Amino acid sequence: MTTAAVKITRKGQVTIPKEIREVLQSNAVYFEVEDDTVMVKPVRDAAGSLREYAGNVKPGASMRQMKDKAWEVAAREKTGKKSA
């Protein structure tokens with residue numbers, strides 16, 4: 001098991017230590033909270049998930065727009081909340 005203690009900034013940000021990023025092998029994560037436990041889990045295939053949502057963006061959309069839409073939909077599915 002790999003553990004690390006890090007400081008939370010005033011803006012609510014943390015830096016994931018290199019040794020944990022290496023274990024996760026992903027450049028995107030999501031958080032799960034259960035009681036007082038926070039789990040950071042890797043997003044394994046962000047590029048593959050774009051294909052699933054490609055139909056939900058305008059024709060000719062940029063990769064950035066597709067990626068933003070995929071994140072929006074994935075976050076909504078994970079949290080059960082509607083996007084802004």
Links that overshoot a 23 Å alpha carbon limit, given the list 18/67; 18/69; 11/69; 41/67; 18/41: 18/67; 18/69; 11/69
Inter-probe distance in nm under a simple model that places probes 7 Å from Cα toward Cβ, at residue 20 and residue 1: 1.4
Table column - 3J(HN,Hα) (Hz), segment 31-44, Karplus curve with 6.51, -1.76, 1.60, x for Gly and Pro: 10, 10, 10, 9, 6, 9, 10, 10, 10, 9, 10, x, 8, 6
Amide hydrogen neighbours beyond the local backbone of residue 29, cut-off 5 Å, H modeled: 43
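Every number in this text was worked out from the coordinates using simple rules, so none of it is lab data. No experiment lies behind these values; they were computed from the predicted model shown. Ideal geometry is used to build each Cβ from the backbone, glycine not excepted, and the neighbour counts take in all protein chains shown.
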